[in-house]
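The values are calculated or read from the model by the stated rules, or taken from the named source; none is laboratory data. Please read all numbers here as calculations on a predicted model, not as lab measurements. Note that we place each Cβ from the backbone using ideal geometry, even for glycine, and neighbour counts take in every protein chain shown.
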Amino acid sequence: MSTVTDDAEAEAGDDETLTLTQHLAELRTRIIRSALAVLIGMVVIIAFYDLVLEFLKQPYIDLCNEKPAGFCDPNLFIPTPTEGLSTRIRVGMYGGIIAALPVILWQIWRFVVPALHAKERKYAVPFVLSSVLLFSAGGSLAYLTVDRALEFLISWAGEDVQQIFSVSSYISLIGLMIFAFGVGFLLPVLFVFLQLVNVVSPRTLLKSWRYATIGMFVIAAVITPSGDPVTLMMLALPMLLLYFVAILIGWLVLRKRPTV
């Protein structure tokens, strides 16, 4: 069925619309291709599991080493016989999605293309590249700040409480933080896209900056898994800055368009 998508796109052209059957066939093809990319990414990440795990543990190890003895234990433990396998699969799944992100974004764009005019279709490569870069920037920021979030959370446990984390809980926390920051940094791409297809104008977005500010902090509070104020501020402030960058990009692009 993979040829159905390409044939449908070739036949549709700029002025024709895909039928419902072709649209559903295309959606299925895009999902299958994305799933295969994730599966390949999972296999690669699992093959290098030990190196990936050491990389993910490093912020926690650095935190424990710089703090007084007893603040936290840099060694992670496995409380059940099956947790080692489940953690390996979880790391592979997180890493596989991140590794397959360019493919997933490309498939999303190709699925949306039939609904766009020719002048919007030329933004395919910038869309994918900017999305990958922004997600990477968000994930990197999460990795660099996870130790501050852990320090805040551990400090609230009490002086007489020994901090010993399971490998599964730690991987879940840092994995979700990377995804939360990555997804949060993708919002400007959505705002630029909405401006390009004339759903919203740069002027409207600029006038709504107060609501956007509140919205960014609410979104950051909802998607951050740790729930601590340090992580919330580290995510909300860059998101708000990128909101204004998206408005600027939209204005620069749209001002060059001829008025109808």
Pick from segment 140-153, criterion small (Gly, Ala, Ser) and buried (at least 21 other Cβ atoms within 10 Å of the Cβ), ranking: nearest to residue 106 (Cα to Cα): 142
Looking at segment 208-224, is at least one residue among the polar types (S, T, N, Q) and touching a residue at least 60 places away in the same chain (Cβ under 8 Å)? no
Show me the helices (runs of 4 or more DSSP H) entirely contained within segment 149-260 in which 3 or more residues are out of contact with any helix residue (DSSP H, G or I) (no Cβ under 6 Å at 6 or more places or on another chain) and either outside the structural domain of residue 71 (by TED's automatic domain parsing) or closer than 18 Å to residue 126 by Cα (or both). 187-196, 229-254
Residues of segment 24-56 being over 20 Å from the mean Cα position of the chain (by Cα), more than 16 Å from residue 85 (Cα to Cα) and either hydroxyl-bearing (Ser, Thr, Tyr) or surrounded by 16 or more Cβ atoms within 10 Å (Cβ to Cβ) (or both), which ones? 25, 26, 29
Test: residue in segment 72-85 that is surrounded by 11 or more Cβ atoms within 10 Å (Cβ to Cβ), touching a Gly at 6+ places or on another chain (Cβ under 9 Å) and either charged (D, E, K, R) or modelled with pLDDT of 85 or more (or both): yes
Members of segment 152-177 that are modelled with pLDDT under 85 and closer than 27 Å to residue 49 by Cβ: 153, 154, 163, 164, 165
Would segment 157-178 turn up any residue that is loosely packed, with under 14 Cβ neighbours inside 10 Å and hydroxyl-bearing (Ser, Thr, Tyr)? yes
Which numbered condition residue 197 fails, given (1) within 27 Å of residue 56 (Cβ to Cβ); (2) surrounded by fewer than 16 Cβ atoms within 10 Å (Cβ to Cβ); (3) over 17 Å from the mean Cα position of the chain (by Cα); (4) not charged (D, E, K, R): (1)
Answer yes or no as to whether residue 134 is assigned by TED's automatic domain parsing to the domain that holds residue 197 and either touching a residue at least 12 places away in the same chain (Cβ under 8 Å) or under 25 Å from residue 184 (Cα atoms) (or both). yes
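Before we move on, is residue 256 at pLDDT 85 or above, among the basic types (Lys, Arg), surrounded by fewer than 18 Cβ atoms within 10 Å (Cβ to Cβ) and out of contact with any strand residue (DSSP E or B) (no Cβ under 6 Å at 6 or more places or on another chain)?
Working: at pLDDT 85 or above: no; among the basic types (Lys, Arg): yes; surrounded by fewer than 18 Cβ atoms within 10 Å (Cβ to Cβ): yes; out of contact with any strand residue (DSSP E or B) (no Cβ under 6 Å at 6 or more places or on another chain): yes.
Judged against the criteria, residue 256 is not a match.
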